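These notes are about the structure you will find just below.
The values are calculated or read from the model by the stated rules, or taken from the named source; none is laboratory data. Note that this is a predicted model, so its numbers are computed, not measured. Cβ: placed from backbone, ideal geometry, glycine included. Neighbour counts: every protein chain shown. Note: areas computed on protein heavy atoms with side chains; ligands, DNA, RNA excluded. Shrake-Rupley method; radii C 1.70, N 1.55, O 1.52, S 1.80 Å.
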Amino acid sequence: LDPGIGFGKSFAQNYELLEKLPMMAKLGYPLLVGTSRKGFLGATLAREGKPAPPEDRIWGTAATVTAAILNGAHMVRVHDVAEMVQVAHVADCVINPARRQSR
């Protein structure tokens, strides 16, 4: 399942989808979330009334990738793969005790 974050959704609706991912995860299907560099992150990280450009949204992406994993996402779609692999490993260790022991 893909909640379609960023596609025809308001700023608030994108965050609401992230918040409610656990409800979708309970349906029992793999959950894919793609928040990487999305416009709502640009609005969140705006400076002086101007949205942050896509290349300046990596930390916002990292926060939403972490939230998605902690809320049940099985897969994330990202642009900055190497960086988000690190984020995913840490988030996975938070929710998966077996991962902590294998390091």
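With touching a strand residue (DSSP E or B) at 6+ places or on another chain (Cβ under 6 Å) and not aliphatic (A, V, I, L, M) as the only criterion, which of Asp92, Asp56, Asp2 stands out?
Only one candidate qualifies: Asp2.
Mind checking which residues of region 66-92 are of a type in the set (A, V, I, L, M, F, W, C) and within 20 Å of Gly28 (Cα to Cα)?
Ala67, Ala68, Ile69, Leu70, Ala73, Met75, Val76
Restricting attention to region 59-103, which residues are farther than 11 Å from Val33 by Cβ, part of a loop (DSSP other than H, G, I, E, B) and either among the hydroxyl-bearing types (Ser, Thr, Tyr) or open to solvent by 90 Å² or more (accessible area, probe 1.4 Å) (or both)?
Hits for region 59-103 are His79, Ser102, Arg103.
Quick check on my filter: what residues within region 14-58 are in contact (Cβ under 8 Å) with a residue 12 or more places away in the chain, open to solvent by 20 Å² or more (accessible area, probe 1.4 Å) and of a type in the set (A, V, I, L, M, F, W, C)?
If the condition is that a residue be in contact (Cβ under 8 Å) with a residue 12 or more places away in the chain, open to solvent by 20 Å² or more (accessible area, probe 1.4 Å) and of a type in the set (A, V, I, L, M, F, W, C), then Leu17, Met24, Ala25, Leu27, Leu32, Ala43, Leu45, Ile58 are the ones that fit.
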